[in-house]
Protein chains: 2
Amino acid sequence: MRIVAAALALFAEHGVSATSLQMIADYIGVTKAAVYHQFKTKEAIVVAAVEVELAKLEEVLDAAEAAERDKSSLETLLTQVIDLAVEQRRMVSTLLYDPVIVRLLGEHEPFQQFMDRLYRAMLGKNRDAESRLRVAMIASAIGGAVTHPLVADLDATMLRTELVRLTTDFLGLED
Amino acid sequence: MRIVAAALALFAEHGVSATSLQMIADYIGVTKAAVYHQFKTKEAIVVAAVEVELAKLEEVLDAAEAAERDKSSLETLLTQVIDLAVEQRRMVSTLLYDPVIVRLLGEHEPFQQFMDRLYRAMLGKNRDAESRLRVAMIASAIGGAVTHPLVADLDATMLRTELVRLTTDFLGLED
DNA sequence: GTCTATAGAATGATAGAC
DNA sequence: GTCTATCATTCTATAGAC
């Protein structure tokens, strides 16, 4: 869907609220009316855009749930999440922090359930405060680091490698 | 300034772009025109709001620069940054990730210089990729964790204590 | 599926009275 | 400093022709 791709690019740059349907239409070279023919509302575009991005996460999450939960499967999950975050570098902070998307993730039930699955996969049976904080920190560290000005000069491969090393270290998963 | 306080509260909830001057005026019970009498543009309000928040960071940064740079002064800085982040829990992700504010931090010279000072205080002479990534991760982990749904139930004291422990651990500053 | 045209509301900003 | 009133623009969304 060209519309969703355009929306994602514009959301990442300007945020959801500052992205108008006119901007999306211009981006792909059609009129607003053409966009409205495929999506009844702007909100529907936002939902579709979030779905597209979460779908990528879902694949690695399925795999993680299928495997038995041990150090190596957790490390695999972490590595794949990092791969995705680095690939989607420009999108990440929008998906994690844009107020419109945050509200959507909290209200839309399918999204809520998905986030629960993700957290459960990373936490396992450890639901104590420290474990939850560790996961919250790791998730934020990955999401924030990939767009941080301090490491804007690092190429994707370098960033990926170092992030995997430092996160497995922090979670105590080193071999 | 009541306007700035209102703006900050609304920015934190809706983001800068989704916050109109009408909303700010309503919040403090005056008209838009009254707001425009004190701030020529919406941008000026955003600048003032960011200045107010950065001013809090500036105090602890001044202290860090005055002290000689060693483990204990770095730990002090980290602890105070965490204190501020926990106190300003609702504001943090807006200040770090709102597209309008990000653009402002990058374009406004005083803000740029301030961020440089902050990074320098945390990095010291270590400008290698791993050190920069560690700082980027720590900054993101702190900023993200304080608003993360996984730890929304933790009270401020608990969150503060655990964050200090885990971040000093990650930076290798434990005694 | 795409277009033109437009409705109806909200936006940032200004003029001028009190 | 605050108000009413207004302007020009932009926004989401819809109607209807091709």
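The values are calculated or read from the model by the stated rules, or taken from the named source; none is laboratory data. Remember, predicted model here, so these are calculated numbers, not experimental data. Cβ: placed from backbone, ideal geometry, glycine included. Neighbour counts: every protein chain shown.
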- Task: Could you please let me know if A:Thr41 is among the polar types (S, T, N, Q), farther than 24 Å from A:Ile142 by Cβ and without any contact (Cβ under 8 Å) to a residue 24 or more places away in the chain?
- Result: yes
- For B:Ala141, which of the numbered conditions (1) among the aliphatic types (A, V, I, L, M); (2) modelled with pLDDT of 95 or more; (3) in contact with a Lys or Arg (Cβ under 7 Å, 6 or more places away or on another chain) fails to hold? (3)
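At least 1 residues that are touching a Cys at 6+ places or on another chain (Cβ under 8 Å) and within 14 Å of DNA strand C (Cβ to nearest atom) in each: list the helices (runs of 4 or more DSSP H) lying fully within segment A:25-88 that qualify. Before the answer, list the steps.
Numbers: elements: A:32-38, A:42-66, A:71-87.
Where helices (runs of 4 or more DSSP H) fall fully within segment A:25-88, none carries at least 1 residues being touching a Cys at 6+ places or on another chain (Cβ under 8 Å) and within 14 Å of DNA strand C (Cβ to nearest atom).
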- Query: Would a scan of segment B:111-122 turn up a residue that is surrounded by fewer than 20 Cβ atoms within 10 Å (Cβ to Cβ) and outside any helix (DSSP H, G or I)?
  - Reply: no
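Considering each residue of segment A:69-99, count those that are more than 16 Å from A:Leu173 (Cβ to Cβ) and within 14 Å of another protein chain (Cβ to nearest Cβ), and give that number. First the steps, then the outcome.
Taking segment A:69-99 and keeping what is more than 16 Å from A:Leu173 (Cβ to Cβ), we get A:83-99.
Adding the requirement that they be within 14 Å of another protein chain (Cβ to nearest Cβ) leaves A:85-86, A:89-99.
Going through segment A:69-99 one residue at a time, the tally reaches 13.
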- From A:Leu154, A:Leu150, A:Leu173, which residue is facing chain B (nearest Cβ under 7 Å) and not in a helix (DSSP H, G or I)? A:Leu154
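Within the group A:Arg117, A:Arg134, A:Arg127, A:Arg103, which residue is closer than 27 Å to A:Leu10 by Cβ and charged (D, E, K, R)?
Numbers: A:Arg117 fails: closer than 27 Å to A:Leu10 by Cβ; A:Arg134 fails: closer than 27 Å to A:Leu10 by Cβ; A:Arg127 fails: closer than 27 Å to A:Leu10 by Cβ.
Checking each option against the conditions leaves just A:Arg103.
Evaluate the following for A:Ala12: is it within 16 Å of DNA strand C (Cβ to nearest atom), aliphatic (A, V, I, L, M) and not assigned by TED's automatic domain parsing to the domain that holds A:Tyr119?
So A:Ala12 fails the test.
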- Query: Just one of the numbered conditions (1) of a type in the set (A, V, I, L, M, F, W, C); (2) more than 7 Å from every other protein chain (Cβ to nearest Cβ); (3) under 24 Å from A:Leu171 (Cα atoms) is not true of B:Met115; which one?
  - Reply: (3)
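Within segment B:49-60, can one find any residue that is more than 12 Å from the chain's Cα centre (by Cα), away from DNA strand D (no atom under 16 Å from the Cβ), surrounded by 15 or more Cβ atoms within 10 Å (Cβ to Cβ) and in the same structural domain as B:Val135 (by TED's automatic domain parsing)?
Step one: of segment B:49-60, the residues more than 12 Å from the chain's Cα centre (by Cα) are B:59-60.
Now narrow it down to the ones that are away from DNA strand D (no atom under 16 Å from the Cβ): B:59-60.
The next check asks that each one be surrounded by 15 or more Cβ atoms within 10 Å (Cβ to Cβ); those that pass are B:60.
Narrowing the set further to residues that are in the same structural domain as B:Val135 (by TED's automatic domain parsing) leaves B:60.
Within segment B:49-60 (the criterion being more than 12 Å from the chain's Cα centre (by Cα), away from DNA strand D (no atom under 16 Å from the Cβ), surrounded by 15 or more Cβ atoms within 10 Å (Cβ to Cβ) and in the same structural domain as B:Val135 (by TED's automatic domain parsing)), the answer is yes, since at least one residue qualifies.
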- Go over the candidates A:Leu95, A:Leu150, A:Leu104 one by one and state the one that is touching a Phe, Trp or Tyr at 6+ places or on another chain (Cβ under 7 Å) and crowded, with 20+ Cβ neighbours inside 10 Å. A:Leu150
- Using beta carbons and a limit of 7 Å, which pairs, at least six apart or on different chains, have the first residue in segment B:130-145 and without any contact (Cβ under 8 Å) to a residue 60 or more places away in the chain and within 7 Å of chain A (Cβ to nearest Cβ) and the second one among the aliphatic types (A, V, I, L, M) and not in a helix (DSSP H, G or I)? B:Arg134/B:Leu171
- So how many residues does segment A:5-48 have that are within 14 Å of chain B (Cβ to nearest Cβ), surrounded by 15 or more Cβ atoms within 10 Å (Cβ to Cβ) and within 12 Å of DNA strand D (Cβ to nearest atom)? 11
